[in-house]
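Trainee: Right, I'll just put the structure down here and ask away after.
All of the numbers you see were taken from the coordinates with simple rules; none came from a lab. No experiment lies behind these values; they were computed from the predicted model shown. Virtual Cβ from ideal backbone geometry, glycine too; neighbours counted across all protein chains shown.
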Amino acid sequence: MKRIYLDNAATTPVLPEAVAAMMPYFGGVFGNPSAKNAPGAEARAALEKARSVTAGKLGLKEGKTVFTSGGTESNMIGVVGSVLSSGRRGGSVICGKTEHRSVLDACRLLGRLGYDIIFAGVDGNGLTDPDEIADLIRDDTLLVTVMYANNETGVIQPVKRIARICHEKNVPMYTDAVQCGDPSDVVKTGADMFGISGHKLGAPKGSGLFYTNGKAVRGGAGQEYGIRPGTENVAFAAALSAAVSSGPPENTERLRSVFESAVTDGLPGTVINGSGAKRVPGISSMSFEGVEAEGLLFALSELGTDAAAGSACTSDERGSHVLSAMGLTERQADSTVRFSFGRQNTEEEIMIAADAVIKSVKKLRKIR
Ligand code: PLP
């Protein structure tokens, strides 16, 4: 049975061009980019080429583009690194309530260090209100962190408006852009800092990027402008640059629309979470009344379709802080499945998967 992979928000297959871009660095080009010798210079040149290609492709004209190990690390650098570099021993940080766990954990760490963490809520579509952010900003606010797109629902936050408010009030703004779909859209928001993850874009797991437009960020040792410590992974930098250069998938918006129409036609009453807001094209969060997500995922898997309950990164946690912040009950959240689409998916696959969802939900509803 050919499997249909609809969990691209958890991770994507590595693109052939990303694999090809890495190969030289597992062979002849092996130098340490910090070494003052010929192999080192060769590796350094490759790293800087990956950096300039990535920055150029994203339209980043100034600031610092830093290669990291992925979204979690970029979030830690953006949140903790920027607050600590303020040199202030206290103060407040404003954080979206539906942020990814890696941002929430970074904020919790700051909370333990004595900073005041203030949460901004969301409406029923999962949207943060920029006016609420403006009201929450105080004289001692050191950072506002609101994600670009939510990993469970795909809902895109009004980051551009929030960034504008932050600029007016002279407060740095970070956005977790791991689920952005197209990182060049994030650049256009004017956020001071952002993080992306390579493995959501067709590069390997363990690759990522952090950007700062010049806002000070404390991170580590001598590498990567002193922002990210450790000998650079030239192969993964090259892979990320190749993945970014290949551009965003062009088919996912259409695939999602076909999928959502087919499922809601077959199962009237299915709720698509966040559908009243602008969403990234690749994610659909659906709640099926009377059906446990766990059972549905098992039934789908038996039929060859792989999806996820809530967020893959929080599958060890009970419930969903995102859906609960949007006003869903625990029971509704427990009946929610996330389908996420990638460039390798076809319309034919989508129709087979939608049929599997309809059949499985009907069957599970009968035996409840
Ligand atoms: N932020 C968001 C919104 C995510 O969806 C994820 C992972 O799914 C991360 C951060 C963590 O990224 P990484 O797996 O690259 O550490």
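Trainee: Compute the distance in nm between two label points, each set 7 Å from the Cα along the Cα-to-Cβ direction, one at residue 35 and one at residue 225.
Mentor: Result for the modelled spin labels: 2.7 nm.
Trainee: Taking θ = phi - 60°, what integer Hz values does the Karplus form 6.51 cos²θ - 1.76 cosθ + 1.60 yield along the range 145-158, in sequence order, with x for Gly and Pro?
Mentor: 10, 9, 5, 6, 9, 6, 6, 8, 10, x, 5, 8, 7, x
Trainee: To two decimal places, what compactness ratio does the range 16-245 give when its Cα radius of gyration is scaled by 2.2 N^0.38 Å?
Mentor: Values: Rg = 17.6 Å, N = 230, 2.2 N^0.38 = 17.4 Å.
With N residues counted in the range 16-245, Rg over 2.2 N^0.38 Å equals 1.01.
Trainee: On to the next question. What dipole magnitude, in Debye to the nearest 20, does the range 12-68 give about its Cα centre under +1 on Lys/Arg Cβ and -1 on Asp/Glu Cβ?
Mentor: Details: 7 positive and 4 negative charges, 39 e Å.
I would put it at about 180 debye.
Trainee: Let me have the 222 nm mean residue ellipticity of the chain computed from DSSP H runs of 4+ only, each contributing -39500 (n - 2.57), with the sum over all residues rounded to the nearest 500.
Mentor: Per the formula, -11000 deg cm²/dmol.
Trainee: Sticking with this structure for a sec: Calculate, for residue 330 and residue 109, the FRET efficiency according to 1/(1 + (r/R0)^6) with r their C-beta to C-beta distance and R0 25 Å; round to the nearest 0.05. Mind dumping the intermediate values first?
Mentor: Details: r = 28 Å, r/R0 = 1.10.
It comes to 0.35.
Trainee: A further question on this structure: Per-residue HN-Hα couplings for the range 218-228, Karplus 6.51 cos²θ - 1.76 cosθ + 1.60 at θ = phi - 60°, whole Hz, x for Gly and Pro?
Mentor: 8, x, x, 7, x, 6, 6, 6, x, 9, 10
Trainee: Hull surface divided by four, with the convex hull built on the Cα atoms of the range 222-368: how many nm²? Numbers along the way, then the final one.
Mentor: Values: hull surface 46.1 nm².
Its Cα hull, projected and averaged over all orientations, spans 11.5 nm².
Trainee: In degrees, nearest 10, range 0 to 90: what is the angle between the Cα axis of helix 234-245 and the longest Cα principal axis of the chain?
Mentor: Computed tilt is about 60 degrees.
Trainee: For the pair residue 254/residue 45, report the inter-label distance in nm, with labels modelled 7 Å from Cα in the Cβ direction.
Mentor: 4.2 nm
Trainee: Under a Cβ-Cβ cut-off of 12 Å, what is the net charge of the residues other than residue 147 that fall near it, where Lys and Arg count +1 and Asp and Glu count -1?
Mentor: On the way: positive: 97, 101; negative: 99, 152, 176.
Spelling it out: positives minus negatives among the neighbours equals -1.
Trainee: Another question, if that's okay. From Cα coordinates alone, what are the radius of gyration and Dmax values for the range 7-58 in angstrom?
Mentor: 13.7, 44
Trainee: Same structure, new question: Using 0.36 nm per residue, how much length does the chain from residue 216 to residue 261 gain when fully extended, once their Cα-Cα distance is taken away? Don't skip to the end; give the middle numbers.
Mentor: Numbers: separation 45, 0.36 × 45 = 16.20 nm, distance 4.64 nm.
Additional length available on full extension: 11.6 nm.
Trainee: May I pose another question? Compute the relative contact order of the range 6-52 as a whole-number percentage, counting only Cα pairs closer than 8 Å that sit 6 or more residues apart in sequence. Don't skip to the end; give the middle numbers.
Mentor: On the way: 27 pairs, mean separation 9.8, N = 47.
Once normalised by length, the contact order is 21 percent.
Trainee: What's the local net charge at residue 266, with K and R +1, D and E -1, over the other residues with C-beta under 9 Å away?
Mentor: On the way: positive: 359, 362; negative: 265, 355.
Every neighbour counted, the sum reads 0.
Trainee: Run the quick spin-label model on residue 366 and residue 62: label points 7 Å from Cα toward the beta carbon, then report their separation in nm to one decimal.
Mentor: That separation, rounded to one decimal, is 6.6 nm.
Trainee: Given a cut-off of under 8 Å on Cα pairs at least six residues apart, what relative contact order in percent is computed for the range 172-228?
Mentor: On the way: 76 pairs, mean separation 14.8, N = 57.
The normalised contact order for the range 172-228 reaches 26 percent.
Trainee: Remind me, relative contact order of the chain in percent, using alpha carbon pairs under 8 angstrom and six or more residues apart?
Mentor: Numbers: 777 pairs, mean separation 89.0, N = 368.
RCO, the chain: 24 percent.
Trainee: What is the list of residues in the range 190-220 whose amide nitrogen lies under 20 Å from a point 7 angstrom out from the Cα of residue 344, following Cα to Cβ?
Mentor: Residues 197-208 fall inside that zone.
Trainee: Quick one: helix 252-266 against the long Cα principal axis of the chain, what's the angle to the nearest 10°, folded into 0 to 90?
Mentor: 20 degrees
Trainee: Between residue 160 and residue 352, what FRET efficiency comes out of the Förster formula 1/(1 + (r/R0)^6) with R0 = 56 Å and r the beta carbon distance, rounded to 0.05? It would help to have the intermediate numbers written out before the result.
Mentor: Details: r = 38 Å, r/R0 = 0.68.
Taking R0 as 56 Å, the efficiency between residue 352 and residue 160 is 0.90.
Trainee: To the nearest 10 degrees, how steep is helix 159-168 against the longest Cα principal axis of the chain, on a 0 to 90 scale?
Mentor: Its long axis makes an angle of about 40 degrees.
Trainee: Taking K and R as +1 and D and E as -1, what net charge do the other residues with C-beta under 10 Å from the C-beta of residue 121 add up to?
Mentor: Working: positive: 97; negative: 123, 129, 132.
Net of charged neighbours comes to -2.
Trainee: In addition: Pulled fully out, how much extra length does the chain show between residue 359 and residue 301, if you take 0.36 nm times their separation in residues and subtract their Cα-Cα distance? Present the calculation step by step, with values, prior to reporting the outcome.
Mentor: Numbers: separation 58, 0.36 × 58 = 20.88 nm, distance 1.28 nm.
Stretched out fully, the residue 359 to residue 301 stretch lengthens by 19.6 nm.
Trainee: How large is the charge dipole for the range 17-146, taken about the Cα centre, if only the Cβ atoms of Lys, Arg (+1) and Asp, Glu (-1) carry charge, to the nearest 20 debye? Walk me through the numbers on the way to the answer.
Mentor: Values: 14 positive and 15 negative charges, 146 e Å.
Dipole size: approximately 700 debye.
Trainee: Compute the length gained on full extension between residue 271 and residue 292: take 0.36 nm times their separation in residues and subtract their Cα-Cα distance, giving the result in nm to one decimal. Present the calculation step by step, with values, prior to reporting the outcome.
Mentor: Working: separation 21, 0.36 × 21 = 7.56 nm, distance 1.43 nm.
Computed gain between residue 271 and residue 292 is 6.1 nm.
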